[in-house]
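The values are calculated or read from the model by the stated rules, or taken from the named source; none is laboratory data. None of the values given here were measured: they were computed from a predicted structure. Quick reminder, even Gly has a Cβ in these numbers, built from the backbone with ideal geometry, and neighbours come from all protein chains shown. Just so you know, the surface numbers come from the protein's heavy atoms only, side chains and all, with ligands and any DNA or RNA stripped out. Shrake-Rupley method; radii C 1.70, N 1.55, O 1.52, S 1.80 Å.
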Amino acid sequence: MTPALELDCRDLPCPRPIIELARHLADVGVGELLAVVAHDPAARYDVPAWCRMRDQEYVGQDTADDGAPRFLVRRRS
């Protein structure tokens, strides 16, 4: 899966990856993927929870090219 936009949040502490996700969601079109790359251990739980609260689709987790955790979100609206 190739995201339309990948956010580099590797060095950002909690809750900054979620703040960046919220801030940049409108930068991708409806139906497109946005990826959040983050070392923040809470992101594994925060990204799916944010998607449920904001009615967006949490697609899942994979890894970025450097092995960092990458969380995929599909914009629904």
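Determine, yes or no, whether TYR58 is of a type outside the set (Val, Ile, Thr) and assigned to a strand (DSSP E or B). Spelling it out, TYR58 is indeed of a type outside the set (Val, Ile, Thr) and assigned to a strand (DSSP E or B). Of all residue pairs spaced 6 or more apart or on separate chains, those with beta-carbon atoms under 7 Å, a first member in region 66-77 that is farther than 13 Å from PRO48 by Cβ and a second member that is of a type in the set (A, V, I, L, M) and open to solvent by 30 Å² or more (accessible area, probe 1.4 Å) are ARG75/VAL30; ARG76/VAL30; SER77/VAL30. Taken over region 50-76, residues that are open to solvent by 80 Å² or more (accessible area, probe 1.4 Å) and over 20 Å from ASP11 (Cα atoms) amount to 5. If we keep just the residues of region 21-44 that are of a type in the set (A, V, I, L, M, F, W, C) and part of a loop (DSSP other than H, G, I, E, B), which is farthest from the chain's Cα centre (by Cα)? Checking each candidate, the answer is VAL30. Residues in region 1-49 that are crowded, with 18+ Cβ neighbours inside 10 Å and in contact (Cβ under 8 Å) with a residue 60 or more places away in the chain: PRO3 alone.
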